[in-house]
Amino acid sequence: FIKMYLSNSQKSTGSIVTIIGLCLYLLGVLMLFDRLLILLGNILFLIGTGYIVGTFALVTFFVRPTKMKGSLCYFSGFFLILVNWAVLGSAVQLVGLFYLFRDFLPQLYSASKYIPAVGPYICNSPFLNQLVGRISGTKANTI
């Protein structure tokens, strides 16, 4: 049941569905927190992500003990949006996304050195190094 590889069409289809989901979510926020657009964006984002990484891997990511706080916030926000509290639900979802993906922040920070013109300034900043370390929960010297 677990996919070991993805074809190019599966990667592109999953990426397109995920991007459409993100765009619908942002459009829902821009349309003064339109509940239906935000819900449709959330659903398409989860479907697209599940299509890219696989359903089992996606479920495993959300139920990991270290990710429980983020998963609880994300799905609580989804429920709040469902019961017509779109502003509060979106805020709770953003907190959940932060907790789910804050482990990836050091990788993004170290990849920022490849940004033309500003990359070296970002990577050599001791303030940003300590801030990323503090937010992600890692030691500042290891980033």
* **Over the chain, relative contact order from alpha-carbon pairs under 8 Å, at least 6 apart, %** => 16
* Using 7 Å Cα-to-Cβ label points, what is the residue 8/residue 76 separation (nm, one decimal)? -> 4.5
* Between residue 115 and residue 60, with labels modelled 7 Å along Cα→Cβ, what's the label distance in nm to one decimal, could you check? => 3.3
* Would you compute, from DSSP H runs of 4+ residues alone, the mean residue ellipticity of the chain at 222 nm, taking -39500 (n - 2.57) per run and dividing by the full residue count, rounded to the nearest 500? => -23500 deg cm²/dmol
* Asked: How far is helix 86-101 tilted off the main Cα axis of the chain, in degrees rounded to 10, range 0 to 90?
  -> 50
* Longest exposed-loop-site-free stretch of the chain, with chymotrypsin sites (Phe, Trp or Tyr not before Pro), DSSP loop and at most 13 other Cβ within 10 Å? -> 6-143
* Take the Cα atoms of region 8-58, find their three principal axes, and give me the spread along each one in whole Å, biggest first. => 35, 20, 10
* Asked: How large is log10 I(q)/I(0) at q = 0.12, 0.20 Å⁻¹ when the Debye formula is applied to the Cα atoms of the chain, each weighted equally and without solvent?
  -> -0.63, -1.18
* Which number comes out as Rg/Rh for region 25-97 once both Rg and the Kirkwood Rh are worked out on C-alpha atoms? -> 0.99
* To do: Working from Cα positions, state the angle (0 to 90°, nearest 10) between the long axis of helix 68-82 and the longest principal axis of the chain.
  => 40
* Asked: Which distance in nm do the two modelled labels at residue 128 and residue 83 give, with both placed 7 Å along the Cα-to-Cβ direction?
  -> 4.1
* To do: Would you mind getting the accessible area per residue of the chain, heavy atoms of the protein chains only, 1.4 Å probe, in Å²?
  => 67
* Structure fact -> Counting only DSSP loop positions in region 41-143, the trypsin sites (Lys or Arg not before Pro) whose Cβ has at most 13 other Cβ atoms within 10 Å are 139
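The values are calculated or read from the model by the stated rules, or taken from the named source; none is laboratory data. Fair warning: this is a prediction, and the values are worked out from it, not measured in the lab. Quick reminder, even Gly has a Cβ in these numbers, built from the backbone with ideal geometry, and neighbours come from all protein chains shown. When the accessible area is computed, the model is the full protein with side chains, heavy atoms only, and any ligands, DNA or RNA have been set aside. Shrake-Rupley method; radii C 1.70, N 1.55, O 1.52, S 1.80 Å.
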